[in-house]
Amino acid sequence: MESYDALLASITPDTGETRTILDPATGTAVGEAPVHSVEDLENAIAAAAAAQPAWAALGHEARSAALLKAADAVERSAEELARLLSREQGKPLNGPNARFEVGACAAWLRAAAGTPLEAETVVDDGETRAELHYRPIGVVGAIGPWNWPMMITVWQVAPALRMGNAVVVKPSEYTPLSVLALVKVLNEELPEGLVQVVSGGREVGARLAEHPAVGKVMFTGSTATGKAIIKSSADTVKRLTLELGGNDAGIVLPDADPKAIAEGLFWGAFINTGQTCAALKRLYVHDSIYDAVCEELTAVAKAMPMGVGLEEGNVLGPLQNKQQFDIVARLVDAARDSGARVLLGGEPDADQAGYFYPTTLVADIDNDNPLVAEEQFGPALPIIRYSSVDEAVAKANALDVGLGASVWSADPAAAREVAARIQAGTVWINKHGAVDPRVPFGGAKQSGYGLEFGVEGLKALGVPQVING
Ligand code: NAD
């Protein structure tokens, strides 16, 4: 605990305006976050720009070595980081939550360090020799959400650094402490000035997206904000990677075994208490096994403990903020009022402290119900009945977002055929939401553009340059 206090103290500002961050599970104070201004942003960009050329000059090998040391630093402070993340974001220590997220930070840093990226000789025919290189961009802006604040910061920062850039991070107003603490730990091993955090509001994010000294913005957040960033970045023709909202469909084919898939379906939908971009948010189940899937899923869901994150037994936590709690409550209430059948949950305890919304399953619901058509981003899963695979595919594709999707079947070849017909950046088979630092990840339709992870993710943080001689 002493080192938790030391970590928190190290990110608590001595001067300037601050804001008290409250624990969403208890309403008690977690810590004080600085309230940075647009002027602070200017200073951060200038400092990052000053540090960048020397970092770029180190070359891939030395930069990768520094990233590996940064991964070690994250592991040294893993428990303190996980506790702070749990208190600020709400997610439990255990399950695929806070400790898992901190572990992922180290894993993605190591993957960014270890992924080879060679210059490509595109043509070499005796007359023309054309090579494709990836040069540093300069200063990269990293704007992130509140659901996986540490892991998504690493997804943005690690490839940017590997490719020779400096980074200015703008965390969500809801989870600044997690990002400040993570970057403080990374900076134990990185050159001074190279990674800056500006803990400000939307106006700081908007300025970062339009700033002429910023060459690229990595953005993860809602589709609405993504559109605002496209507009702000237009005058400087800034490069963008946009990881936006999703409303992922899962299709259970008639040959699936309800008992065998129930736990996978549960975690696909309820990881991080449903506050995950690529979580299963609409489940389509064939009529022939509809009741059995509802029954098995209810049994799994009932057994998953929800509560305060620091209590070791819990695997589900509160919603991170009141706004998100209200969205989930509104959508479930409207579904119930429309005649849908609530199998589990749906009644938050008004006397309970914190933004806890119970694990909720809603059956016999129409495809155009708002709980299906809107991104609920919380622990409430609508289960829709279908009778032909064509109908299920059409319903899955009916929305204007397409981040992830999944197909569940005893026959992986049949599942792949259905997967190919779904409009989404990733379609998983018999799992949902499993991300991997070696595998490219990105959205289709209004879920964004650009890829993260793997060699594609590195290329996205460089400026392609052809040398043609
Ligand atoms: P949000 O869009 O409200 O905020 C994200 C960030 O953008 C915050 O840091 C915010 O301060 C900043 N911001 C707000 N207005 C801005 C502006 N005009 N210019 C620049 N920056 C601005 O998103 P959120 O509510 O924090 O996150 C939840 C959303 O993120 C969900 O829709 C979820 O699906 C999505 N998400 C997507 C992915 C993915 O990989 N595709 C991952 C996680 C979350």
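The values are calculated or read from the model by the stated rules, or taken from the named source; none is laboratory data. This structure is a prediction, so every number in the text was calculated from the model and none was measured. Counting neighbours? That spans all protein chains shown, and the Cβs are built from the backbone with ideal geometry, glycine included. Note: accessible area is taken over every heavy atom of the protein model, side chains too, but ligands, DNA and RNA are not part of it. Shrake-Rupley method; radii C 1.70, N 1.55, O 1.52, S 1.80 Å.
Considering only residues of the range 235-249 that are more than 10 Å from the ligand (Cβ to nearest atom) and under 19 Å from the mean Cα position of the chain (by Cα), which is nearest to residue 180 (Cα to Cα)?
240
Within the range 288-302, which residues are of a type in the set (A, V, I, L, M) and either buried (at least 22 other Cβ atoms within 10 Å of the Cβ) or farther than 19 Å from residue 270 by Cα (or both)?
Residues of the range 288-302 that are of a type in the set (A, V, I, L, M), as a first pass: 289, 292-293, 297, 299-301.
Once the filter is applied, which keeps residues that are of a type in the set (A, V, I, L, M) and either buried (at least 22 other Cβ atoms within 10 Å of the Cβ) or farther than 19 Å from residue 270 by Cα (or both), the range 288-302 yields 289, 292, 293, 297, 301.
Please go through the range 315-354 and pick out each residue that is under 15 Å from residue 274 (Cα atoms), part of a loop (DSSP other than H, G, I, E, B) and open to solvent by less than 20 Å² (accessible area, probe 1.4 Å).
The answer is 317, 318, 319, 320, 321, 346.
Scan (1) within 13 Å of the ligand (Cβ to nearest atom); (2) part of a helix (DSSP H, G or I) for the single condition residue 200 breaks and write down its number.
The one condition residue 200 does not meet is (2).
Among residues belonging to the range 419-440 that are in a strand (DSSP E or B) and free of Cβ contacts under 8 Å to residues at least 24 places away in the same chain, point out the one that is farthest from the ligand (Cβ to nearest atom).
For the range 419-440, the residue satisfying everything is 429.
Residue 341 - would you say it is under 19 Å from residue 290 (Cβ atoms) and among the basic types (Lys, Arg)?
yes
What tally of residues in the range 62-119 results from selecting those that are among the basic types (Lys, Arg), more than 17 Å from the chain's Cα centre (by Cα) and open to solvent by 50 Å² or more (accessible area, probe 1.4 Å)?
Residues flagged as among the basic types (Lys, Arg), more than 17 Å from the chain's Cα centre (by Cα) and open to solvent by 50 Å² or more (accessible area, probe 1.4 Å) within the range 62-119 amount to 4.
Output the residue which, of all residues in the range 209-234 that are more than 15 Å from residue 170 (Cα to Cα) and of a type outside the set (Gly, Ala, Ser), is farthest from the ligand (Cβ to nearest atom).
Result: 212.
Conditions first: (1) more than 20 Å from residue 161 (Cβ to Cβ); (2) within 16 Å of the ligand (Cβ to nearest atom). Residue 457 passes all but one, so which condition is the exception?
(1) is the only condition that residue 457 fails.
Taking the residues in the range 372-394 that are within 18 Å of residue 445 (Cα to Cα) and open to solvent by 50 Å² or more (accessible area, probe 1.4 Å) as candidates, determine which candidate is farthest from the chain's Cα centre (by Cα). So that I can check it myself, show each step before the final result.
Keep residues of the range 372-394 that are within 18 Å of residue 445 (Cα to Cα), which gives 372-375, 393-394.
Next, from what is left, pick out any that are open to solvent by 50 Å² or more (accessible area, probe 1.4 Å): 374-375, 394.
Working: 374: 18, 375: 14, 394: 27 Å.
Across the range 372-394, the extreme among qualifying residues is 394.
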